[in-house]
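The next block holds one structure in the form of structure tokens; read it before the comments.
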Amino acid sequence: MNLVITKAYISSDGDWFMDVFNVVDQDGKKIRDKEVMDYIQRRLESNASFAPSLRGSVGVMPSEEHTAIELTGTDRPGLLSEVCAVLTDLHCNVVNAEIWTHNNRAAAVVHVTDDSTGCAIKDPKRLSTIRELLCNVLKGNDDSKTATTTLSPPGVTSRERRLHQIMFADRDYERAGLARFEDKSSRPHVTVLNIERDYTVVSMRSKDRPKLLFDIVCTLTDMEYVVFHGMVSTGRMEAYQEFYIRHVDGLPVSSDAERERVVQCLEAAIERRASEGLELELCTEDRVGLLSDITRIFRENSLCIKRAEILTKGGKAKDTFYVTDVTGNPVDPKIIDSICRQIGQTKLQVKRNSILSPKPPQETTMGYIFGNLFKARTFKLIRSYS
């Protein structure tokens, strides 16, 4: 619903739970529309069963409306342009897509239709050709890690949820060969500590952004940890989160290796969706091959797409791209002006520059917020926000 969580308090033990969320709309305003509040209540109180996790599963299946393609491979400049060119040559029209890059890896969930019928592609031979040619593009000249192209079951889970699962399975959290070059001041700060034998306390401080809590909870779930207690607090630019967790087997983190893996995976969860680069928004009439043409222009002007969201509705395309130059630095404004003129000043617009440069996080002590609220296994709710 595009609501923003500004504060949250999470508590569960035994057979009960109490979660409190302070939410505002995207403009930071309080929600006053009764229909919206009633809708939220109905959704939260419904007994609809949630789809099971697809962790470790990447299937092959078209839906009635579109064919969902999942891609994983080594990131490189121009990769999305090459993928889109292949899809256009195969008479596939991209209707929706989401693309993430992290630690030199790229993942995408792309919804395509047949460009002549507007329906899902079901012919097994054609699907096999699509899979084979896209996999060749993803492999490039040399891919030390496996590149994959698969078709996923329809309607099982959201694209964002799937992207977390895909990148987690691809082990994008491993930073081999990157430690020497990274700017640690721009990275999220994650600590993992045990308190006695009851819980592991995970504390995270990072630049605030939409869907940050969602991304973290997805990763904890994929790693098979359960959140028993927690809090979320946000300021103007920064977010602080603290969770008391155990593994599904009831045990806290039990080794240094497991602790390090939790830190790496949560850092990756925070970074995957970080809006790195210049944000460009394309709004225009949709047509077959549009995305291929736009990404080709980006590639010819040496732009590197770090993240992208492709949406099509009612014959209109509304696509968002986050771009840098090929070295990861800000794009020359003259190049952007040239691209806007080439595509159309009214069609492609610069939204904002989001090169990440938050202030270095300060060290925090375990239990910064909850320190005095926990006594052994008992948690007492002492404050409620209205």
Matching entry among Leu373, Leu348, Leu290 (being modelled with pLDDT under 90, open to solvent by less than 80 Å² (accessible area, probe 1.4 Å) and over 22 Å from the mean Cα position of the chain (by Cα)): Leu373
Kindly provide the set of residues from segment 182-235 that are acidic (Asp, Glu) and either surrounded by fewer than 20 Cβ atoms within 10 Å (Cβ to Cβ) or more than 21 Å from Tyr9 (Cβ to Cβ) (or both), ordered by number. Glu182, Asp183, Glu196, Asp198, Asp208, Asp222, Glu224
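Could you grab me the full set of residues in segment 98-115 that are within 17 Å of Cys84 (Cα to Cα) and not in a strand (DSSP E or B)?
Passing the criteria: only Asp115.
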Being over 30 Å from Lys347 (Cα atoms), at pLDDT below 95 and not in a loop (DSSP other than H, G, I, E, B) narrows Phe228, Phe243 down to just Phe228
Being over 12 Å from Ile69 (Cα atoms) and within 20 Å of the chain's Cα centre (by Cα) is the filter here, so list the residues in segment 80-120 that pass it. Leu80, Trp100, Thr101, His102, Asn103, Asn104, Arg105, Ala106
Just a yes or no: is a residue in segment 105-118 open to solvent by 40 Å² or more (accessible area, probe 1.4 Å), of a type outside the set (Gly, Ala, Ser) and at pLDDT 90 or above? yes
Answer residue from segment 79-97, given it is part of a helix (DSSP H, G or I) and either touching a Ser or Thr at 6+ places or on another chain (Cβ under 6 Å) or not aliphatic (A, V, I, L, M) (or both) and is most open to solvent (accessible area, probe 1.4 Å) among those: Asp89
Name the pairs: first residue in segment 342-353 and farther than 11 Å from Thr320 by Cβ, second residue open to solvent by 100 Å² or more (accessible area, probe 1.4 Å) and at pLDDT below 90, Cβ to Cβ under 7 Å, at least 6 apart or on different chains? none
Here is a list: Glu258, Glu267. Which entry is assigned to a helix (DSSP H, G or I), more than 17 Å from the chain's Cα centre (by Cα) and closer than 23 Å to Tyr199 by Cβ? Glu258
What number goes with the only condition from (1) more than 27 Å from Val190 (Cβ to Cβ); (2) at pLDDT below 75; (3) in contact with an Asp or Glu (Cβ under 6 Å, 6 or more places away or on another chain) that Ile310 does not pass? (2)
Quick one: in segment 245-260, of everything that is touching a residue at least 12 places away in the same chain (Cβ under 8 Å) and open to solvent by 10 Å² or more (accessible area, probe 1.4 Å), which residue is farthest from Val190 (Cα to Cα)? Val248
Looking at segment 358-365, is at least one residue in a helix (DSSP H, G or I) and either loosely packed, with under 12 Cβ neighbours inside 10 Å or modelled with pLDDT of 85 or more (or both)? no
Leading residue by the ranking (most open to solvent (accessible area, probe 1.4 Å)) among those in segment 309-327 that are under 18 Å from Asn104 (Cβ atoms) and without any contact (Cβ under 8 Å) to a residue 40 or more places away in the chain: Thr327
Given (1) over 23 Å from Ala68 (Cβ atoms); (2) modelled with pLDDT of 55 or more, where does Arg180 come up short, assuming only one miss? (2)
When only residues in segment 293-308 that are over 22 Å from the mean Cα position of the chain (by Cα) and in contact (Cβ under 8 Å) with a residue 40 or more places away in the chain count, which is nearest to Ser116 (Cα to Cα)? Ile294
Condition (residue is in a strand (DSSP E or B), surrounded by 20 or more Cβ atoms within 10 Å (Cβ to Cβ) and β-branched (Val, Ile, Thr)) applied to segment 298-308: is it met by at least one residue? yes
Do you know which residues across segment 102-144 are small (Gly, Ala, Ser) and in contact with a Ser or Thr (Cβ under 9 Å, 6 or more places away or on another chain)? Ala106, Ala107, Ala108, Ala120, Gly140, Ser144
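The values are calculated or read from the model by the stated rules, or taken from the named source; none is laboratory data. In this text, all values refer to a predicted model and were calculated from it rather than measured experimentally. Methodologically, a virtual Cβ is constructed for each residue, glycine included, from the backbone with ideal geometry; neighbour enumeration extends over all protein chains shown. Remember, those area values only see protein heavy atoms, side chains included, never the ligands or the DNA or RNA. Shrake-Rupley method; radii C 1.70, N 1.55, O 1.52, S 1.80 Å.
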